[in-house]
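Have a look at the structure below before the remarks.
The values are calculated or read from the model by the stated rules, or taken from the named source; none is laboratory data. Given the structure is predicted, the values throughout are model-derived calculations rather than measurements. Quick reminder, even Gly has a Cβ in these numbers, built from the backbone with ideal geometry, and neighbours come from all protein chains shown.
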Amino acid sequence: MKELLDGVLQGQIRAIARLITQVENSSAAAEQAVQVLYPHTGKAHIIGITGSPGAGKSTVVNALVKTLRQQDARVGIVAVDPSSPFTGGALLGDRVRMRDLSGDPGVFIRSMASRGSLGGLAQATASVIKVLDAAGYGYILVETVGAGQAEVDIANAAHTTVVVEAPGMGDEIQSIKAGILEIADILVVNKADRPGADRTVRSLKMMLHLGPVGGTRKSGRISSTNGAEATTNGWHIPVLETVATEEKGMAELAVTLGQHMTHLRQSGEWLLREQERSWREMEMLLQRRFMRQLQAQVPQELRERLLTAVAEREVDPYTAVNQLLSKSTENP
Ligand SMILES: Nc1nc2c(ncn2[C@@H]2O[C@H](COP(=O)(O)OP(=O)(O)OP(=O)(O)O)[C@@H](O)[C@H]2O)c(=O)[nH]1
Ligand SMILES: [Mg+2]
């Protein structure tokens, strides 16, 4: 393990790939790795890329990476597919689109699929991001497929969340339904070569103008003053147009990402987001740890007896939990 971690800190591709596999497969390995690597993290700009299926996220990532590479930055890419239990399918398509990046030693690509629970995936993704950060990748792009909680989890892991949309019937509406507009720091209308792009841009701008959509993810983060554009702590969410297949609009996207980073740093929002992110991560760890302790301390027989009692309405769930807790503190 020590050798592997040294290799990672030196940026050795093979060591990185091997450590990521270990971290994905074992929480003990993840713990060991994070304990050593953590002091070397915190340098990367972590960027979440999300949006409706087929909007062009992977193509945007592909084109954006080429632009970032021209500036000599090393880039890590994590493609997360919470809907698929296998590494394959949709991700295979992503790999094909990212083929022209794979020969580049300054780019590291990793696909991750669901391993049972969303929580497990979020946890594994957070560890993989740390490995890449410690290995010296200046940008880490995290693409998520799917809708709902997964995007929110990824947004929590990122400093900057880019929501990619494409022109077409009801796309905007879909994003609202999926609740992904409210996590956007930057909106990208991709496929601007298609008809209707202007209309999509206009309606997105209008929605931003109307203020927070569907509630707020992080308390106090998104605010709207007197019908002015939605801002997060003074940041005006920009709406950019791109044609990812032709690498159009990528320079502007790269510049905007830099501006958002500067904004986060100058407003103090950076620290705030780091704290929120750390807390969420610690919360996940606490829950896991606590459940494991509880399971170890409460006799199986008592658990089953209580479950039966709850099912037969002899004991209510609250009282059952109280009993479990008192049992676990009784003999620590
Ligand atoms: N016309 C046009 N097509 C595009 C553009 N960007 C991507 N596409 C095409 O749109 C399709 C979907 O692109 P992807 O990059 O796979 O989209 P995605 O959002 O990653 O898709 P999922 O990961 O499956 O949700 C592909 O056939 C792309 O070639 C664009 O700017 N213009
Ligand atoms: Mg994709």
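The residues of the stretch 38-62 that are within 9 Å of ligand 2 (Cβ to nearest atom) and more than 15 Å from A158 (Cβ to Cβ), listed by number, are P53, G54, A55, G56, S58, T59.
Of all residues assigned to the stretch 96-110, none qualifies as being among the small types (G, A, S), assigned by TED's automatic domain parsing to the domain that holds A30, crowded, with 23+ Cβ neighbours inside 10 Å and modelled with pLDDT of 90 or more.
For the stretch 156-182, the candidate set comprises residues that are farther than 11 Å from S52 by Cα, away from ligand 1 (no atom under 16 Å from the Cβ) and among the aliphatic types (A, V, I, L, M); within that set, the residue that is modelled with the highest pLDDT is A158. Restricting to the stretch 35-58, count the residues that are assigned to a helix (DSSP H, G or I) and either under 18 Å from the mean Cα position of the chain (by Cα) or surrounded by fewer than 18 Cβ atoms within 10 Å (Cβ to Cβ) (or both). The qualifying residues number 7. Looking at the stretch 305-313, is at least one residue modelled with pLDDT of 90 or more, outside the structural domain of D193 (by TED's automatic domain parsing) and basic (K, R)? Yes - at least one qualifying residue is present in the stretch 305-313.
Note on the stretch 63-94: among residues that are at pLDDT 90 or above and closer than 19 Å to I20 by Cβ, the one that is farthest from ligand 1 (Cβ to nearest atom) is R74.
Candidates R273, R265, R288: the one that is closer than 30 Å to S127 by Cβ and buried (at least 17 other Cβ atoms within 10 Å of the Cβ) is R273. Look at L253 and say whether it is crowded, with 18+ Cβ neighbours inside 10 Å, modelled with pLDDT of 95 or more, out of contact with any Asp or Glu (no Cβ under 6 Å at 6 or more places or on another chain) and closer than 18 Å to K43 by Cα. When the stated conditions are applied, L253 does not pass them.
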